[in-house]
Every structure is written in C-alpha cells, then in structure tokens.
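Undergrad: Please read through the structure below; I'll follow up with questions.
The values are calculated or read from the model by the stated rules, or taken from the named source; none is laboratory data. This one's a predicted model, so the numbers in the text were calculated from it and none came from an experiment. Cβ: placed from backbone, ideal geometry, glycine included. Neighbour counts: every protein chain shown. With ligands, DNA and RNA removed, areas are computed over all heavy atoms of the protein, side chains included. Shrake-Rupley method; radii C 1.70, N 1.55, O 1.52, S 1.80 Å.
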Amino acid sequence: MLFQSQFYVLVFLPAAAMLYYSVASSERARQWCLICASLVFYGWWDARFVILPVSQILATWLLALAHQRTGRRAPLIVGVALNLLSLGTFKYLDFILGSAETTIGIVLPRAHLVLPIGISFFSFQLISYLVDRMRGEAPIYPLRPFALFVLLYPHLIAGPIVRHNELVPQFSLDPRRDGLWQRIAIGLVIFTVGFAKKVLLADKLGTVVDPLFAEARLHALNLGDAWTATLAFSFQLFLDFSAYTEMAIGSALIFGLVLPENFRRPYLATDIRDFWRRWHISLSNFLRDYLYIPLGGSRRGLWRYVLATMITMGLCGLWHGAGWTFVAWGLWHGLGLAMCHGWQRLGRPMPKLLGWAITMLFVLAGWVLFRAASFGVAGSILASLVGLGAPGGALQEIKLLLLAALASALIPSAHEIINGAKTPHPAVAAVGALLAAYCLLIVGENAPVSFIYFQF
Amino acid sequence: MLWRPAKSDASKTADWRGFVSLFLTVLIGCVVGVYLFILLLDPYDIVPFSLPIDRRIVSISDRFMYPQIVRSKRFDSLVIGTSTSRLLDPEVLDRLFHVRFANLAMSSATAWEQKTMLDLFVRTVGPPKALIVGLDGVWCDQRADYNRITFRGFPDWLYDGNPWKKYLYLFNYGTLEIAARLVGYHLNLYGERIRYDGYEVFVPPESQYDPVRAHDTIWRGVRPPSDQLPQPLAAQELTQLSFPALQWLDAGLARLPSTSLTVLAFMPVHVAAQPPPGTRDAGIETECKSRIVAIGRKYGAKVIDWRIASPLTQNDANYWDRLHYRVPIATHLAEELSAAALAGRESEDGSYLLLVH
C-alpha cells in the first residue's frame, strides 16, 4: 500500500486510527492493532511477502533470548549472519553472481528472486538490535513490542531507520496522554506536506527525469538536457524520499508515536559533512554507530579515518543498490568527506556561498552516478554537463525546477515543524485540508507512483 | 528522543482539538462535496442515480468518453481503430451502409484497447450489424501483449462491466474537470467537443492546409530504404513470428454471427510511413497481413488494403502528415469502403486491394 493512495488516506489510516484509539486503554490491544495494521499494509502488495519479515523477527528474537539464557555471544552472531544472509540472498545474490561471471568469464545461473520491499530497512533494524545486545545496550523485549518495533508500518518500508530504544518505550505510553490533539494536528500537517511534495512535485519531476536518462542510454545529451536531467533528478530524489519520510512521521504521530528526523533541508548544506548530517540522517547515524566508529572513526589517525570513511561509504552505496555504480557513488562521497575533513583540519574556513556551490556540484555529480544505468551512461551525462556532449540545448522545465528548488530550500523538515508548532492556526488547518483534498484528486487520476527508495 | 510536549492548559488543548476538527471537517467536506458533484453530474453516464440531464461529449479524452456512447445503445454498428480511422464520418457511413454507426476509433489506440472497446460493444449492445476495424501497425506489434496501453492510461473500469468498481475511480481531478465542463455546457459556457457518434475532426481546418508544410512534415526524418535493414528472414523464420494481437482479433470475430458485416481495412497511411519493400520490416508486415487475411477469410470478413504504395498514399497533397489524411479523403475512403465491402468492387485507380470478399 502506498501512503499517497486514496485508499490509504481515506480508508486505511482513518480506520486504523479509529480502531487504535478505541482500544487505547489497553497497551496489549493497541500493540496488536498496530501489528495487524502493519501486516495488512505490508501484505497489500503480496501477502506471501509477510513471511520474510515475520520469520526474521522471530528468529532474531529467539536468538536474542538464547543469548539471554546462555550468556554466549554465538546466538547473536548467528542472528546477524542470518539477517545478512537474507539480505544478501534477496538483494545481492544476482549482483554477486554477475560480478563473479565478469571476473571468471564463465556464464553462471541467476536466481531472479523478487526483492521483498523494505528488506534493507527491517534487516538493518534487526542487526542493530543484535549488535546492541552484544554491547550490552539492549534489553530483551517481550515478543509483541519487539515485533511491533520492526513491523510498525509507517517506517517498515523505507524508514526512517529506528533504533529499538527510540521506539519500544513509546509503545507503553498512552496515546491519549497530554498533547493528544497537538500530536494529531501536527501529524496531519506533516503528512499533508509530504503528500503534496510527492504528488505535486516529485512525480512531475519523474516525468522529466525518466525520458532524459533513457535517452542518455542511446546517445549523448546536450548541455541543456544534461543539466535538466541532473537537476530534476536531484530534486526528485529529495522530494520523493523526504515526502515518504514526512508521511511516515505524520502517520506515526497520529498514533502518538514519534519517529526520528531523516532530512534537514540537505540542499542548504555548505560542506559535504554538513550534507550527510542533513541527508537520510537515520541511515547516517546507523552507519556511524555500527560501522564507522567500530572501524576506528576519526580518533586513530588520518589514514585510519580515510579507510573507515571509504569502507563505510562504499557499503552505504552498496546498501542502496546491488550495482557497482552505487558503490562508486558511495566511494565518491567517501572521497568528498575525506577531502572535506582534510580542508577543515587546515583551519581555513571557506566562504559559505562558495562552500555551498562546491558541495552542490559535488552532490549533483554523485546523483548522476546514482541514477545512471551504467558507468558509460553516467560518464556520458557528466561529459554533457561540462559541454562535451551533443551541441546546443537549453535548460527545460525551468518553472518546475524553480518550484522544486524553493520547496527543497524553504519547506521545513518534519521535526522543524514539530518543534516550531506552538500555536494552532485555523488558517493552516483549512489550507492544509484543501491541499490534501487537491492532492487526493490529483493522485486519483492515475495509479499512484511508487517511491524511489522502495527499491532499496 | 521522545517528543513529549509540556503539559498544556485546557484552552490550548481546545485550540488544538479545534484545529483537528477544522482540518477534518474541511477535508471530509471537500471530498464528500466533490464526490457528490461528480456522482450527480456523472460525466461518463455510468451512475444510476445521477441527474437526468443531457450528457454531451465535452472532453476529447476518447478513452473515457466513448464507453457512454456504447452504453447509450443508440448505435448498432461501430468503427474501431486508431486516429487513421477517426475521420470516417458515421453520418456518411450510415448513408452508405444503412445502419447506425458510432466511430469509436481512438488516438494511438493499441490493439488491446480496440479489442476491449469491441468487447464492451458486444456485451452491451450485442453483435454489431456492421463492424469496421481500421488496421494499423499496432495489430502487427510483436510485443502487443506487453504494450497493452499507452502513456495516456486506459480506464478499464469503464469497460469491465463491474457495477461497483467505477465508484472507486470516479474521485479524481480529470473527472471533476469534465463534470464542471458539463455544467458549463448547460450554462452555454462550453461547447460539445466530440459529436455523440464519436466523430471528431482532429486535424486542422482545411483552410489552413499548406502543401509545402505538409510535404516537409511528411518527409522529415524519413530514412531512405538503403539505411534500413534488408529482409534477412527466411520463410521458416517468418512463420515463426508471433503477433499476439491477432489472437484477440480472431477471438473478437469468432464472437460475431455471420449476419454481422465485418470489414478489416488496412488504413492508408502515407507511403513514407510504410516499410520500404525488401526491408525486414516490410517482410514482417507482409507476413502479418497474410495472417489477417486468413482470419478474415475464416470468419467471412471483407479485407481491404489501403496500406500500399498507391496514387492515394504517394501523393503528399492528400495528407497532413505521414499518418493522417485530409477530411475530403476520408469521405472518398468511406465511399470506396462501401463499394468494396458491399459490392465487391475493385479499386479503379489502384488505391486499394480487395484481399477478401
């Protein structure tokens, strides 16, 4: 089920919320209500897919329990391996086989497994729990809240990646506690912001991006087309993913649950480290805590820092997609972070505007690699961006790009809205409701377009 | 990180509660109001309890508007096809064939969309007295079962006969706009866009025809035959070609009784849009045509081929572009169609071939 579908907005969310609040006095009933809603939400695509997250949750919980009872680390290691195996099998098997085939020159069979939606997200959450157990930072939760921590549908498919200690304690809180109407009101506003960003901007940008990137597979783009494709994709990706996050945070808030921040207007970043503090924050935090710091972080000398950064970002790229272009995108950002670190060590601050311009050019070049179907296509577009492609051409869809730029820069993030909402304004309620109704009409015209991050 | 707002006083709680109430009232009010407006105006004429008003075709969205023409049961015969058949005027055809035609050919219609239209007609009205299938390349598309619809989308809920499904799809901006146009029509603010028999002159007025411009449009980007692949397909390879849409054509004609007059007509696109003889594409098209002829013969259909190099298709002055002939040509085609289909008359100037009669 998609957040922006009419069915979700008009039927599923109201029905789930009404049921939830009708049993709000019982913690157990509330949790079952959300588990059932989440299973229906996830199984909407294909009910068989439900088996995978449920199995991984059960296995992880049982292994954590075994660790509790025996005091041995082995069950936790097995748990991490099992989750990685599941992720590796469904997401990376064909990629590994393809890469091996290229190396050894022998044709290998392919598994052609369907990628279960959200596998990267729920697998990471389970792994983080097991690692926290190893560190002695995670208690054994009862199965029901543990399952709900992973299954909770607002974050199940595409994050934000939530840590157990951020969410599980909230399940015990009565959703009718003080601030009930404020949470619902802000949840509705945040959801509407995401809804409008997705339907009115991201999907429209997609219709500009797809044909141009498809064209780039056939021949070199001209300067105007290359810049149009690159800028449109950069805005599309941010608006699409942040819209999903906002609809997730808004939905969860309606149930009285707070999900962590995921974006903080990343295209205002003035250096690449700043960018990663604003872009996909929950993933950045996850990678920092479970990969970068264990690898040595920045406290064991410059070369160790560079190594830890490159490994972390390379794996970050691989997490996004089973392809070498994704790995290269991650390494590109690793290189940027290392260079930024080096510059900052010199102690010569760069003018903000210059820093912003360099950062954005760096990020845009990275998005070309991220979106292109192959290195050849990415190289061709990058060449076109500096005028080495087909002659002529001008920037297209200027109004749409301008609108997307303004939305990216000016619309506050979900948590900026949460923290800034002190007083309710009736005008905001009326305009928000009209905007939501308009988006419902627009989304009814065609089948809703899936979110980009669903493929990761 | 857990957001727990400071304890709020009673008035603040009431304010937030008021915010939520207002938001939900406006949202639900808009949704219910707009939905009721759409249901009552019922621009696709599918809601049983809608207002009893005259519903004209006020949108050029043919895929959305044509099903109501079928359901009106005012017509006993139909034309299906793409834009190359849209200029066949039902009033002219009625006079020639002595039946009541609706022209339900749709711009860029895929074979699957055309077949779906025929299914709707047979299910709603019964077997047509006369059926004209304007044939184009889409019927010979080897990926027709993958390319079932176009980027325009296809509202299959208007065609499937399910009495409930439509209520799930009516709430959208496009339908609201057409409903508003219907109001505009009744207030004399907006005109009918397509005649109720489906006929629409979608090409510019004849007074704007410019032969030089037409010539440029027709020949722009046309590859010379020397640039195209020669025919590499052996006879055995040709027999192995698959044209999925022809199964639909076969199944569609199998449902019609022998009393239905069926005409399969390869429509006259300009020779610049036809594959040059001797090329691979021409070989594939010839094979496809021969299979269509076999289907026509099997069901007693008349098969007429204008998709050939002829005085008609070689004359730039007959066309606006490679696919679309001019309105006077359409009248001439209707006359040739009736002469060939009803009287078995061969073309006098070689414009068409009567393949099956």
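Undergrad: Please go through the stretch A:220-246 and give me each residue that is open to solvent by 10 Å² or more (accessible area, probe 1.4 Å), part of a helix (DSSP H, G or I) and farther than 18 Å from A:Arg278 by Cβ, ordered by number.
TA: A:Leu223, A:Asp225, A:Trp227, A:Leu231
Undergrad: Which residues, taken from the stretch B:140-172, are over 24 Å from B:Pro48 (Cβ atoms) and open to solvent by 40 Å² or more (accessible area, probe 1.4 Å)?
TA: B:Asp141, B:Gln142, B:Arg143, B:Asp145, B:Tyr146, B:Asn147, B:Arg148, B:Ile149, B:Phe151, B:Arg152
Undergrad: Tally time: how many residues in the stretch A:15-52 are open to solvent by 40 Å² or more (accessible area, probe 1.4 Å) and assigned to a helix (DSSP H, G or I)?
TA: Qualifying residue count, the stretch A:15-52: 15.
Undergrad: Considering (1) within 14 Å of chain B (Cβ to nearest Cβ); (2) open to solvent by 50 Å² or more (accessible area, probe 1.4 Å); (3) of a type outside the set (Phe, Trp, Tyr); (4) in contact with a Phe, Trp or Tyr (Cβ under 8 Å, 6 or more places away or on another chain), say which one A:Leu395 fails and leave the rest.
TA: (1)
Undergrad: I need the full set of residues from the stretch A:398-444 which are assigned to a helix (DSSP H, G or I), open to solvent by less than 80 Å² (accessible area, probe 1.4 Å) and more than 12 Å from chain B (Cβ to nearest Cβ), in order please.
TA: A:Leu400, A:Leu401, A:Ala404, A:Ala405, A:Ala407, A:Ser408, A:Ala409, A:Glu416, A:Gly420, listed by residue number.
Undergrad: In the stretch A:96-126, how many are in a loop (DSSP other than H, G, I, E, B), small (Gly, Ala, Ser) and modelled with pLDDT of 80 or more?
TA: So the answer is 2.
Undergrad: Just checking, does the stretch B:276-290 include any residue being in contact with a Pro (Cβ under 7 Å, 6 or more places away or on another chain), of a type outside the set (Ser, Thr, Tyr) and under 13 Å from B:Leu354 (Cβ atoms)?
TA: no
Undergrad: For the stretch B:149-158, how many residues are in a helix (DSSP H, G or I), within 13 Å of another protein chain (Cβ to nearest Cβ) and touching a residue at least 40 places away in the same chain (Cβ under 8 Å)?
TA: Residues in the stretch B:149-158 being in a helix (DSSP H, G or I), within 13 Å of another protein chain (Cβ to nearest Cβ) and touching a residue at least 40 places away in the same chain (Cβ under 8 Å): 1 in total.
Undergrad: Is there a residue being within 28 Å of A:Gln6 (Cβ to Cβ), under 24 Å from the mean Cα position of the chain (by Cα), away from chain A (no Cβ under 14 Å) and modelled with pLDDT under 95 anywhere in the stretch B:33-42?
TA: yes
Undergrad: Could you please find all residues in the stretch A:284-326 being crowded, with 16+ Cβ neighbours inside 10 Å and touching a His at 6+ places or on another chain (Cβ under 9 Å)?
TA: A:Tyr305, A:Val306, A:Thr309, A:Met313, A:Cys316, A:Gly317, A:Phe326
Undergrad: From A:Gly389, A:Gly366, which residue is surrounded by 14 or more Cβ atoms within 10 Å (Cβ to Cβ) and without any contact (Cβ under 8 Å) to a residue 40 or more places away in the chain?
TA: Just one listed residue meets the conditions, A:Gly366.
Undergrad: Could you tell me which of the residues B:Val125, B:Val133, B:Val203 is touching a Phe, Trp or Tyr at 6+ places or on another chain (Cβ under 6 Å) and either more than 14 Å from chain A (Cβ to nearest Cβ) or not aromatic (Phe, Trp, Tyr) (or both)?
TA: After ruling out the rest, the residue left standing is B:Val203.
Undergrad: Which of (1) touching a strand residue (DSSP E or B) at 6+ places or on another chain (Cβ under 7 Å); (2) without any contact (Cβ under 8 Å) to a residue 12 or more places away in the chain; (3) open to solvent by 50 Å² or more (accessible area, probe 1.4 Å) is the odd one out, the single condition B:Leu51 does not satisfy?
TA: Of everything listed in (1) touching a strand residue (DSSP E or B) at 6+ places or on another chain (Cβ under 7 Å); (2) without any contact (Cβ under 8 Å) to a residue 12 or more places away in the chain; (3) open to solvent by 50 Å² or more (accessible area, probe 1.4 Å), B:Leu51 misses just condition (1).
Undergrad: Now, a different point. If you go through the stretch B:252-274, how many residues are part of a helix (DSSP H, G or I) and more than 20 Å from B:Ser77 (Cβ to Cβ)?
TA: Looking only at that region, the number is 3.
Undergrad: Output the residue which, of all residues in the stretch B:159-198 that are within 14 Å of chain A (Cβ to nearest Cβ) and among the aliphatic types (A, V, I, L, M), is farthest from A:Glu445 (Cα to Cα).
TA: Looking at residues that are within 14 Å of chain A (Cβ to nearest Cβ) and among the aliphatic types (A, V, I, L, M), I get B:Ala180.
Undergrad: Return the pair list, or none, for Cβ contacts closer than 7 Å from residues in the stretch B:114-131 that are within 15 Å of B:Ala254 (Cβ to Cβ) to residues that are part of a loop (DSSP other than H, G, I, E, B) and of a type in the set (D, E, K, R), at least 6 apart or on different chains.
TA: Between residues of the stretch B:114-131 that are within 15 Å of B:Ala254 (Cβ to Cβ) and residues that are part of a loop (DSSP other than H, G, I, E, B) and of a type in the set (D, E, K, R), the close pairs are B:Val122/B:Arg255; B:Pro128/B:Asp76.
Undergrad: Take the residues of the stretch A:267-282 that are of a type outside the set (Phe, Trp, Tyr) and open to solvent by less than 40 Å² (accessible area, probe 1.4 Å): which is nearest to A:Ala409 (Cα to Cα)?
TA: A:Ala269
Undergrad: Check off (1) surrounded by fewer than 13 Cβ atoms within 10 Å (Cβ to Cβ); (2) in contact with a Lys or Arg (Cβ under 6 Å, 6 or more places away or on another chain) for A:Cys340 and give me the number that stays unchecked.
TA: Of the numbered conditions (1) surrounded by fewer than 13 Cβ atoms within 10 Å (Cβ to Cβ); (2) in contact with a Lys or Arg (Cβ under 6 Å, 6 or more places away or on another chain), the odd one out for A:Cys340 is (1).
Undergrad: Quick one: count up the residues across the stretch B:40-86 that are part of a loop (DSSP other than H, G, I, E, B), of a type in the set (A, V, I, L, M) and within 19 Å of B:Leu135 (Cα to Cα).
TA: Looking only at that region, the number is 0.
Undergrad: While we're here: Given the criteria more than 14 Å from every other protein chain (Cβ to nearest Cβ) and farther than 30 Å from A:Gly317 by Cβ, does A:Tyr20 qualify?
TA: yes
Undergrad: Out of B:Ser85, B:Ser77, B:Ser108, I need the residue that is small (Gly, Ala, Ser) and open to solvent by 40 Å² or more (accessible area, probe 1.4 Å). Which one?
TA: Selected residue: B:Ser108, the only one of B:Ser85, B:Ser77, B:Ser108 that is small (Gly, Ala, Ser) and open to solvent by 40 Å² or more (accessible area, probe 1.4 Å).
Undergrad: Only residues that are facing chain A (nearest Cβ under 7 Å) and modelled with pLDDT of 70 or more: list them for the stretch B:2-17, please.
TA: Listed by number, the residues that qualify are B:Thr13, B:Asp15, B:Trp16, B:Arg17.
Undergrad: Further question: Looking at (1) open to solvent by less than 10 Å² (accessible area, probe 1.4 Å); (2) more than 8 Å from chain B (Cβ to nearest Cβ); (3) touching a Phe, Trp or Tyr at 6+ places or on another chain (Cβ under 8 Å), can you tell me which one A:Ala185 breaks?
TA: So A:Ala185 meets the others, but not (2).
Undergrad: Test of understanding: among A:Ala74, A:Ala81, which residue is out of contact with any helix residue (DSSP H, G or I) (no Cβ under 9 Å at 6 or more places or on another chain), without any contact (Cβ under 8 Å) to a residue 40 or more places away in the chain, aliphatic (A, V, I, L, M) and under 28 Å from A:Arg288 (Cβ atoms)?
TA: After applying the criteria, what remains is A:Ala81.
Undergrad: Which is open to solvent by 10 Å² or more (accessible area, probe 1.4 Å) and more than 11 Å from chain B (Cβ to nearest Cβ), of A:Leu143, A:Leu152, A:Leu126, A:Leu173?
TA: Answer to the selection: A:Leu143.
Undergrad: Picking from A:Arg264, A:Arg217, which residue would you name as being within 20 Å of the chain's Cα centre (by Cα) and open to solvent by 10 Å² or more (accessible area, probe 1.4 Å)?
TA: Answer to the selection: A:Arg264.
Undergrad: Another one. Cβ-Cβ below 7 Å, separation at least six or inter-chain, first residue in the stretch B:329-357 and of a type in the set (Lys, Arg), second assigned to a helix (DSSP H, G or I): which pairs?
TA: The qualifying pairs are B:Arg345/B:Ala339.
Undergrad: So which helices (runs of 4 or more DSSP H) are wholly in the stretch A:270-339 and hold at least 1 residues that are over 15 Å from the mean Cα position of the chain (by Cα)?
TA: Where helices (runs of 4 or more DSSP H) fall fully within the stretch A:270-339 and carry at least 1 residues being over 15 Å from the mean Cα position of the chain (by Cα), they are A:272-278, A:302-320.
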